[in-house]
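Values quoted throughout were computed directly from the atomic coordinates according to the rules given, and no laboratory measurement underlies them. Predicted model, so just to flag it, every value in this text is computed and none were measured. Using ideal geometry, Cβ is built from the backbone for each residue, glycine included, and neighbour counts are taken over all protein chains shown.
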Amino acid sequence: QVHLVESGGGVVQPGKSLGLSCAASGSIFRNYAFHWIRQPPGKGLEWVAFISYDGSLSKYADSVKGRFAISRDNSKSTLYLQMNSLRVDDTAVYFCAREYDLLSGIDDWGLGTRVTVSS
Amino acid sequence: DIQMTQSPSSLSASIGDRLDISCRASHDIGNHVAWVQQKPGRAPKSLIYSASTLQSGVPSRFSGSGSGTDFSLTINDLQPDDFATYFCLQYNRYPLVFGGGTKVEI
């Protein structure tokens, strides 16, 4: 089990930037890959981005490619999501989630942080 | 991209009922399907991975089945704590895709 706590959410104007963090504890952070997943108000879950255990590989949803960047600092057990050129439809609760391994997929989720993009 | 079609989108049930929720993938994804439970205002909780393996601590009344393109989540003896929204998730290839969700109401 891992304890994941997201932070950095808030209200931001369209076109601006915002950075999210996800602090992990309770397991060896550097051993695991992580994802960012979001949920717009009243809607379902949408996968956003993935990063491998060592940061050498990342993947993005088409909706955020070129605007968002996922990264990690294994020395700080922290995952990041830098969001640039924000749009109104990026408004959502953003969750970080741990991937146990390729076969098992995601096993633990954070509580989420809310991002509102509005003028 | 793979599409995940989940049904029904909502259902009403009673304590003690048996429920079946389905997900159909647009392409063969082997057994790389997970099921996730979410309650209002709460973080999602992973229930099942590899189509049929329960995550640690998940009650045995939950079960999953399927492979290829057709998958299902079954809840036996529905309990008050089970009223929630359930999502399937394919993790066979990127982008990961969730089903649209099934809201289970009393």
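Please report the Cα spread of chain A along all three principal axes, rounded to whole Å, starting with the longest.
40, 27, 25
Say a paramagnetic label sat at a point 7 Å from the Cα of B:Thr74, along Cα to Cβ; which residues of segment B:13-44 have their backbone N under 12 Å from it?
Only B:18-21 fall inside the zone, counting backbone N under 12 Å.
May I ask you to work out the translational diffusion coefficient for segment B:5-56 at 20 °C, viscosity 1.002 mPa s, via Stokes-Einstein with Rh from the Kirkwood sum over Cα pairs, reported in whole µm²/s?
Rounded to a whole number, D works out at 165 µm²/s.
So if I average 1/r over every pair of distinct C-alpha atoms in segment A:1-62 and take the inverse, what Kirkwood radius in Å does that give?
Every distinct Cα pair counted, the radius reaches 13.6 Å.
Viscosity 1.567 mPa s, temperature 4 °C: Stokes-Einstein D of the protein assembly as shown from its Kirkwood Cα radius, in µm² per second? List each step's numbers first, then the result.
On the way: Rh = 17.8 Å.
Translational D for this selection: 73 µm²/s.
Per residue of A:36-44, how many C-beta atoms from partner chains lie within 10 Å of its own C-beta, taken as a mean?
Averaged over the peptide's residues, the number is 2.
Please compute the modelled spin-label separation between A:Leu57 and B:Phe83, points set 7 Å along Cα→Cβ, answer in nm with one decimal.
Taking the simple label geometry, B:Phe83 and A:Leu57 are separated by 4.3 nm.
Report, ordered by chain and residue number, the lysines lying within cross-link reach of A:Lys43, taken as a straight Cα distance under 25 Å and ignoring same-chain residues fewer than 8 apart.
Counting by Cα, and skipping residues close in sequence, A:Lys43 has these lysines nearby: A:Lys16, A:Lys59, A:Lys65, B:Lys39, B:Lys45, B:Lys103.
Using a Förster distance of 45 Å, how high is the FRET efficiency between A:Lys16 and B:Arg18, based on the Cβ-Cβ distance and rounded to 0.05?
0.35
Could you give the length gained by full extension between B:His27 and B:Leu54, i.e. 0.36 nm per residue of separation minus their alpha carbon distance, to one decimal place?
On the way: separation 27, 0.36 × 27 = 9.72 nm, distance 2.38 nm.
Result for the pair: 7.3 nm of gain on full extension.
According to the Cα gyration tensor, what semi-axes, each the square root of 5 times an eigenvalue, does the equivalent ellipsoid of segment B:1-105 have, listed from largest to smallest in whole Å?
Values: eigenvalues 92, 37, 33 Å².
Values for segment B:1-105, descending: 22, 14, 13 Å.
What are the semi-axes of the equivalent ellipsoid for segment B:25-84, taken as the square roots of 5 times the Cα gyration tensor eigenvalues, largest first, in whole Å?
21, 13, 10
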